[in-house]
């Protein structure tokens, strides 16, 4: 398993979903995982550090894990079977030790980001997709890079549109505020 980081969340028109792009920290290998709009929104909120006034589903899970004296030690993107990615959330419990929970990658990533847990992907998955580094795959949170800020704003605007369509105005307001902040800086 190799440590990866979320570098991009982008709309994937052919699949009418979103691509969460993970990059191997030690190389230029990437792993895109297609997720639905709701899952992309949950990951983007954690990735951008947007805190909601009331807990969303992944926030609730984080609260439950913490209340049970556990911590997420790592997220593992393990394999691909019949076009579906599989993942595990690894917890450390005070009394019971290490606990591994089967998960969808999108949920595992959303929880892992909220708990600042490292994310790992199998080397086999990363070897399946290679790409040379380009501006499109630089981290979107690099403040000095104007194209990265533009990409972040574009991603947030897409997620804002979803929140509005789903009439989730609390989330929409938070995303709008984050867009305003990034646009000013």
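The values are calculated or read from the model by the stated rules, or taken from the named source; none is laboratory data. Treat the numbers as computed from the prediction; the structure is a model and nothing was measured. No Cβ is skipped: glycine too gets one built from the backbone with ideal geometry, and neighbour counts run over all protein chains shown.
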Single condition residue 91 does not satisfy, out of (1) at pLDDT 95 or above; (2) surrounded by fewer than 16 Cβ atoms within 10 Å (Cβ to Cβ): (2)
Single condition residue 105 does not satisfy, out of (1) within 22 Å of residue 156 (Cβ to Cβ); (2) touching a helix residue (DSSP H, G or I) at 6+ places or on another chain (Cβ under 8 Å); (3) surrounded by 20 or more Cβ atoms within 10 Å (Cβ to Cβ): (2)
Test: residue in region 174-181 that is surrounded by fewer than 16 Cβ atoms within 10 Å (Cβ to Cβ), farther than 19 Å from residue 35 by Cα, touching a helix residue (DSSP H, G or I) at 6+ places or on another chain (Cβ under 9 Å) and at pLDDT below 75: no
Test for residue 7: is it in a strand (DSSP E or B) and free of Cβ contacts under 8 Å to residues at least 60 places away in the same chain: no
Candidate set: region 56-83, residues that are free of Cβ contacts under 8 Å to residues at least 12 places away in the same chain and more than 17 Å from the chain's Cα centre (by Cα); chosen: the one surrounded by the fewest Cβ atoms within 10 Å (Cβ to Cβ): 82
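Results for (1) closer than 14 Å to residue 20 by Cα; (2) outside any loop (DSSP other than H, G, I, E, B); (3) at pLDDT 75 or above, shown as yes or no for each residue.
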| residue | (1), (2), (3) |
| --- | --- |
| 116 | no, no, yes |
| 131 | no, no, no |
| 143 | no, no, no |
| 150 | no, yes, no |
| 161 | no, yes, yes |
Test: residue in region 36-45 that is over 30 Å from residue 167 (Cα atoms) and either modelled with pLDDT under 95 or surrounded by fewer than 19 Cβ atoms within 10 Å (Cβ to Cβ) (or both): no
From the options 87, 19, residue that is without any contact (Cβ under 8 Å) to a residue 24 or more places away in the chain, touching a helix residue (DSSP H, G or I) at 6+ places or on another chain (Cβ under 8 Å) and part of a strand (DSSP E or B): 87
